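What follows is a short report on a single structure.
The values are calculated or read from the model by the stated rules, or taken from the named source; none is laboratory data. Note that the coordinates shown come from a computational prediction; the quantities given were computed from them, not determined experimentally. Methodologically, a virtual Cβ is constructed for each residue, glycine included, from the backbone with ideal geometry; neighbour enumeration extends over all protein chains shown.
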Amino acid sequence: MVQVQILSERRNSWQTFLEAAARRYMPMGLYQLEIWMNPIMAPNRSCPVYERYFKTASETLRAVANELGKTRHDIVCGGG
């Protein structure tokens, strides 16, 4: 249960960071983002955990892009 709470707290922080970054850089023309499997996520380096982080990133960034009227945005995954 503690691990789930930590992941939830991290996901909320992650989402807040992504929203702020998107609002700052998308108006400047940033439209390509790559979401990496960062070493800081170890020991939770599992596909389901990364999938949740990537899904959160994708949904958050697309929502901000749509809100800003940006029709072009690419989000890709990588790293490890």
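Structure data summary
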read-out	value
So residue 37, is it closer than 15 Å to residue 76 by Cβ, surrounded by 14 or more Cβ atoms within 10 Å (Cβ to Cβ), modelled with pLDDT under 75 and of a type in the set (A, V, I, L, M)	yes
Residue pairs meeting the criteria (Cβ under 7 Å; at least 6 apart or on separate chains; first more than 10 Å from residue 26 (Cβ to Cβ), in segment 56-77; second among the small types (Gly, Ala, Ser))	75/57; 75/58
Whichever residue in segment 46-58 is at pLDDT 85 or above and surrounded by 13 or more Cβ atoms within 10 Å (Cβ to Cβ) and, among such residues, is nearest to the chain's Cα centre (by Cα)	57
